[in-house]
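The values are calculated or read from the model by the stated rules, or taken from the named source; none is laboratory data. All figures in this text were calculated on a predicted structure; none of them were measured in a lab. In this analysis, Cβ positions are derived from the backbone assuming ideal geometry, glycine residues included, and neighbour counts consider all displayed protein chains. Note: areas computed on protein heavy atoms with side chains; ligands, DNA, RNA excluded. Shrake-Rupley method; radii C 1.70, N 1.55, O 1.52, S 1.80 Å.
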Amino acid sequence: MEKENLKAQRPERDNSKKNRKFLLKLLLFVVLIAAYINYILPQYNKGYDAALIDKVERVESIDEPKIVLLGNSNVAFGFDSALIEEKIGMPVVNMGLHAGAGNAFHEDMAKFNVGEGDIYVLCHSSFADSDNIPDTMAYWSSLENHYHLWRLIRGRDIPAAAKGFPVYLKKSLALYASGTGNQEIAGVVHNRSSFNEYGDIGLYREGSLDNFTDTVAPPPINDIMVSRINELNAWLTERGATLLVAGYPVGNGSLTVAPEEFMAFQEELERRLDCTVISNYVDYMFDYTYFWDSNLHLNTEGAKIRTEQLIADIRRWQEKGTDMHMGEDPYTDIVSDVNLVRITDISEYLEALERGKDRYGILISVRGGAGTALNGDVVEGLRALGLEAALQGQEQAGYLAVALRGEPASEQTGDQLPEASGVLDPEGRALSYQIRSGRAVSSIRLNGREYSRNEDGLNIVVYSMETGRVLDEVSFEGDQGIHGLLFDQEDNAVE
């Protein structure tokens, strides 16, 4: 009987032994596969997303209180961190990267090396999401096999990350097999080497493209993001750090909704968030010409202007510690200024310029003959700006003028090609201008860059002497104006 029982038990022991062998083989196979994958990775080590490695290294190297900028590529392409560091007196790290990784990914970058006295400035361009990973390729090409970065993988992200990993791995295998991995993309700025030591895109970016084809409006706000940001605020507060929300760059032009809509958006954001909103979003409404290769990426000039605005916002917060409100903004006429691009009637436009003439640099160039462009009402409007507009007998001549804070700096008319040049100096900013006017040309250059629409009639460029920004470029042929640059125009040739 005992022998029969032993025989009956042997198959169970044999099966258990076989199972253990199978599991060991499976484990060995998994280990070998993992080792192979780890061996071939990384393959995107010189790509744009790999800049995360350097950003984290910098933030972890700073032991004193610091300023950390958080957000997607609007942050990477939007700041001069060295200038912030100089003016505020704290080391700065720009953690901005890629919208494809998701808002939560950028928020969690705040959790590296948090110290007491740290200031985290969150510059989201959207405030509504599903708390997921929008683009797993952007996600994995940031992390690869840099395991110390894997702390950015949240538990809830594991299924989506695992689902997207095979796509990333397939592309990595193709790069490895062809020997083309870990290489920069020639001729573009989207490389790891394009970032400077602070984490900014450090390469000089000049000019702008026509990136605005859809309506520009405030982003929606949903409970998912509000709760997540409030949780981050509580987490940072427990560690002696501060979370602030600041503006993102908003293109201001013919496709942009009225500033009052951004003011309403800001009020809702202040009401729903526990952390301080330090910016008036209207302050971040920049002329389209300050944007570079997308409607969130600023060129170098635009990034400097945005940086100066953020510095002013941080200083005001350091002094008052409260949310920003329009009544506390030293730039009290900002709504009037951003509304210039919405005025299409020439009489209304000249009246708006007269109201703000003490704050403006107004540059004017006529193409096609002054007599055609400047009727009696227009002449009176120009005189209200401090100009003489003496055009008797000069109907076919060119005409140009520059008025600075209500005073004429230059005014010329003539049958030959009138030209003028000089320097605008608002608040210590040196900015050169060169203007030409003629029957077939209108040119208004600031620091060598063309701003005239070069259309028949009256071409006007308005510059804020307070903030150092171009506010508008407009052309009037008759009574109706069209705003914005002609992005497909080449540099204007002179006669």
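Which condition number in (1) in contact with a helix residue (DSSP H, G or I) (Cβ under 6 Å, 6 or more places away or on another chain); (2) open to solvent by less than 30 Å² (accessible area, probe 1.4 Å); (3) assigned to a helix (DSSP H, G or I) is the one that Asn233 fails?
Failed condition: (1).
Being open to solvent by 10 Å² or more (accessible area, probe 1.4 Å), aliphatic (A, V, I, L, M) and either part of a strand (DSSP E or B) or in contact with an Asp or Glu (Cβ under 8 Å, 6 or more places away or on another chain) (or both), is that true of even one residue in segment 423-438?
Yes, that holds for at least one residue.
Among the listed residues Asp283, Asp274, Asp214, Asp210, which satisfies the condition of being closer than 22 Å to Leu310 by Cα and open to solvent by 50 Å² or more (accessible area, probe 1.4 Å)?
Details: Asp283 fails: open to solvent by 50 Å² or more (accessible area, probe 1.4 Å); Asp214 fails: closer than 22 Å to Leu310 by Cα; Asp210 fails: closer than 22 Å to Leu310 by Cα.
None of the other options fit; the residue is Asp274.
Across segment 239-264, which residue is nearest to the chain's Cα centre (by Cα) among those that are β-branched (Val, Ile, Thr) and under 22 Å from Ile311 (Cβ atoms)?
In the first step, residues of segment 239-264 are kept if they are β-branched (Val, Ile, Thr); the result is 242, 245, 250, 256-257.
Next, from what is left, pick out any that are under 22 Å from Ile311 (Cβ atoms): 242, 245, 250.
On the way: Thr242: 22, Val245: 15, Val250: 8 Å.
Among those residues, the one meeting the criterion is Val250.
Out of Arg367, Arg342, report the one residue that is basic (Lys, Arg) and out of contact with any Leu (no Cβ under 9 Å at 6 or more places or on another chain). Explain how you work it out, then say what you get.
Values: Arg367 fails: out of contact with any Leu (no Cβ under 9 Å at 6 or more places or on another chain).
Only one candidate qualifies: Arg342.
Any residue in segment 347-360 that is within 18 Å of Ser452 (Cβ to Cβ), open to solvent by less than 20 Å² (accessible area, probe 1.4 Å) and of a type in the set (A, V, I, L, M, F, W, C)?
So the first thing to find is which residues in segment 347-360 are within 18 Å of Ser452 (Cβ to Cβ), and the list is 349-350, 353, 360.
Adding the requirement that they be open to solvent by less than 20 Å² (accessible area, probe 1.4 Å) leaves 349-350, 353, 360.
Then drop every residue that is not of a type in the set (A, V, I, L, M, F, W, C), which leaves 350, 353.
Yes: segment 347-360 contains one or more residues that are within 18 Å of Ser452 (Cβ to Cβ), open to solvent by less than 20 Å² (accessible area, probe 1.4 Å) and of a type in the set (A, V, I, L, M, F, W, C).
Looking for something at pLDDT 95 or above, in a helix (DSSP H, G or I) and under 14 Å from the mean Cα position of the chain (by Cα) - is there at least one such residue anywhere in segment 199-206?
No, because not a single residue in segment 199-206 is at pLDDT 95 or above, in a helix (DSSP H, G or I) and under 14 Å from the mean Cα position of the chain (by Cα).
Return the pair list, or none, for Cβ contacts closer than 8 Å from residues in segment 176-189 that are surrounded by 10 or more Cβ atoms within 10 Å (Cβ to Cβ) to residues that are of a type in the set (Gly, Ala, Ser) and in a helix (DSSP H, G or I), at least 6 apart or on different chains.
Gly181/Ser172; Glu184/Ser193
In segment 458-468, what count of residues is obtained for those that are over 23 Å from Thr307 (Cα atoms) and surrounded by fewer than 22 Cβ atoms within 10 Å (Cβ to Cβ)?
Number satisfying all stated conditions: 0.
Let me spell it out: the conditions are (1) closer than 23 Å to Gly207 by Cα; (2) at pLDDT below 95; (3) buried (at least 16 other Cβ atoms within 10 Å of the Cβ), and Ser443 meets all of them except one. Which number is the exception?
Against the list (1) closer than 23 Å to Gly207 by Cα; (2) at pLDDT below 95; (3) buried (at least 16 other Cβ atoms within 10 Å of the Cβ), Ser443 comes up short only on (2).
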